[in-house]
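The values are calculated or read from the model by the stated rules, or taken from the named source; none is laboratory data. All of these numbers come straight from a predicted model, not from anything done at the bench. Neighbour counts run over all protein chains shown; Cβ positions are idealised from the backbone, glycine included.
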Amino acid sequence: MRVEQAEVLGGDSLYESAKKIYPQKISGRFRSIKTALLFITLGIYYFVPFLRWDRGPNAPGQAILIDLDAKRAYLFSVEIWPQEVYYITGLLVLAAMTLFLMNAIAGRVWCGYLCPQTVWTDLFQYFERLTEGDRRERMALDAAPWSVNKVLRKTAKHVSWVVIAWWTGGAWVLYFNDAPTIVKQLATGTAPMAAYGAIAFLTTTTYLLAGHMREQVCIYMCPWPRIQAALTDEYALTVSYRHDRGEPRMPLKRSEKAKAAGLDIGGCIDCKQCVAVCPSGVDIREGLQVACVQCGLCIDACDTVMNKVGRPDGLIGYDTDVNMARRIKGLAPVYRLVRPRTILYAGVIAVVGSVMLYTLATRAYAGLDVIHDRNPLYVKLSQGGVRNGFTIRFLNKRPVERTFVLQVDGLPAGAAVEAFGATTVMGVEPQIVVGPDTSREVRVVVVVPPHSGLPETTPITFRINDAVFGDKVSTSDFFKMPKPEEGQTP
Ligand code: SF4
Ligand code: SF4
């Protein structure tokens, strides 16, 4: 296929082969921000599973835990049950809106500073520099024939990458198990197979994505650059080259001579330091590109060069499309942080966040799911009464055993409620005991006496009450009756 394409295109391949990028070390404001965020985000990821949180007896003591066996997610004092999966939906909406808001204010700031691909690539590059040296040394090492020095340096690099990748996969598993316990099990080879499988998978993907694929992931695999481009507007801050100040560019010595001759030259000395430090190999002077993750390192590089040659810095900086155009016209820049889209995103974040906080603060510690029998909907009894069957799941979200009293409202006089397996049955109020932090399914039948006068469908309400904790929960359903035959009362 590639041969045919090459023939059609007169010998050229449709695909450009990836060029290896050798980013150069740089210091500056944005490098410091990136380093600080790297420590914060990786610190959170690697060490949060070891944070303890006392939830009392019968509950796990890990601050953040996704317990797949018990079907629970724990986030400090919040415990999320499978029935409360809407909290996860809420969190996803908040995450998406926060990303949109960040994009509306400062473009791909997520990509440049916080995206796991960026953070881990940054960490891998640090160890690459440590073992193989900075840009020039790495280029020379790659070009040099194999030697003991080259083998040792390459081995050290790959070993350090594998260790980081392995620790990354290992940390992921800690979020799904009690961290100290699973660490001991991993160390003694007694952990579940799923844990070894997850670690092996994440070790491999981290090693490949952060070690080898790097900027190719951002350019070809990640959808966010395209989505971001569709979402952004001319008021979002992006890393931009100041054409009005930089052009016409000229090497330093020539530009000094040209200046002395009275020619109008730009500030850019075409040193290409901005390209050398770029983790994506982008030349920002050619305008905004999909490969540019907006990390700001080219700003640090250019400012360093400008300070060295005694020219004003800021040739590359965060700016908006509007201001780029205004500057070319000689107009003062304008910034509009408050715009319809930023108001919309912030508004959705405020509303969804408030609703989630309110529901979390007022959430019930008991729950009730009722499923009416589908087939048959009702049963006519030989004495003339009608019976409906239900499957009811009682949820006890407290870490102690509790007794719920079940009541059914909306039934006629003489109706009876029976819960199979209930501890005691007293008239129409069965009592159901549910263990700590668990749920219990109980079969319940409701029987109405003959000639009850109920229509085909009667709304009824199931209520549970725990007198000890005062939790009351209710849910609605229906009592179904046969269709009355002509001339007969139900
Ligand atoms: S062009 Fe500048 S901001 Fe964009 S990725 Fe490269 S160094 Fe980062
Ligand atoms: S670092 Fe600055 S001066 Fe050097 S090429 Fe880039 S924009 Fe021009």
(Q) Quick check on Cys302: is it in contact (Cβ under 8 Å) with a residue 40 or more places away in the chain, in contact with a strand residue (DSSP E or B) (Cβ under 7 Å, 6 or more places away or on another chain), in a helix (DSSP H, G or I) and within 15 Å of ligand 2 (Cβ to nearest atom)? (A) no
Q | Lone qualifier among Thr438, Thr423, Thr461 - being surrounded by fewer than 17 Cβ atoms within 10 Å (Cβ to Cβ), at pLDDT 95 or above and of a type in the set (S, T, N, Q) | A | Thr461
Q.
Which of the numbered conditions does Ile316 fail, given that it passes all the others? Conditions: (1) more than 34 Å from the chain's Cα centre (by Cα); (2) near ligand 2 (Cβ under 9 Å from one of its atoms).
A. (1)
Q. Would you say Thr89 is surrounded by fewer than 18 Cβ atoms within 10 Å (Cβ to Cβ) and farther than 28 Å from Gln294 by Cα?
A. yes
Q.
Go through (1) touching a residue at least 60 places away in the same chain (Cβ under 8 Å); (2) within 15 Å of ligand 1 (Cβ to nearest atom) for Glu286 and report which single condition fails.
A. (1)
Q: Select from the range 277-290 the residues that are aliphatic (A, V, I, L, M), in a loop (DSSP other than H, G, I, E, B) and under 19 Å from Gln117 (Cβ atoms) and write down the one among them that is farthest from ligand 2 (Cβ to nearest atom).
A: Val290
Q: Answer with yes or no whether Val293 is of a type in the set (Val, Ile, Thr), within 15 Å of ligand 2 (Cβ to nearest atom) and touching a residue at least 60 places away in the same chain (Cβ under 8 Å).
A: no
Q: Please work out if Lys329 is away from ligand 1 (no atom under 16 Å from the Cβ), at pLDDT 95 or above and charged (D, E, K, R).
A: no
Q) Can you pull out the helices (runs of 4 or more DSSP H) entirely within the range 126-239 that have at least 2 residues that are closer than 24 Å to Ile26 by Cα? A) 135-143, 148-174
Q: Among the residues of the range 256-276, write down those that are out of contact with any Lys or Arg (no Cβ under 8 Å at 6 or more places or on another chain) and within 11 Å of ligand 2 (Cβ to nearest atom).
A: Cys271, Lys272, Gln273, Val275
Q. Got at least one residue in the range 223-237 being of a type outside the set (A, V, I, L, M) and near ligand 2 (Cβ under 9 Å from one of its atoms)?
A. no
(Q) Step by step: first the residues of the range 12-34, then only those that are under 29 Å from the mean Cα position of the chain (by Cα) and among the charged types (D, E, K, R), then the one that is farthest from Ile219 (Cα to Cα). Which residue is that? (A) Arg29
Q: Scan the range 265-276 residue by residue and report those that are at pLDDT 95 or above and either farther than 18 Å from Ser27 by Cα or outside any helix (DSSP H, G or I) (or both).
A: Cys268, Ile269, Asp270, Cys271, Lys272
**Q.** Residues satisfying the stated conditions in the range 325-380, i.e. basic (Lys, Arg), surrounded by 13 or more Cβ atoms within 10 Å (Cβ to Cβ) and either under 30 Å from Gly246 (Cα atoms) or free of Cβ contacts under 8 Å to residues at least 60 places away in the same chain (or both)
**A.** Arg326, Arg327
Q. If you go through the range 253-280, how many residues are surrounded by fewer than 15 Cβ atoms within 10 Å (Cβ to Cβ) and touching a residue at least 24 places away in the same chain (Cβ under 8 Å)?
A. 0
Q) Which of (1) among the aliphatic types (A, V, I, L, M); (2) part of a loop (DSSP other than H, G, I, E, B); (3) within 16 Å of ligand 2 (Cβ to nearest atom); (4) within 19 Å of Gly296 (Cβ to Cβ) is the odd one out, the single condition Met250 does not satisfy? A) (4)
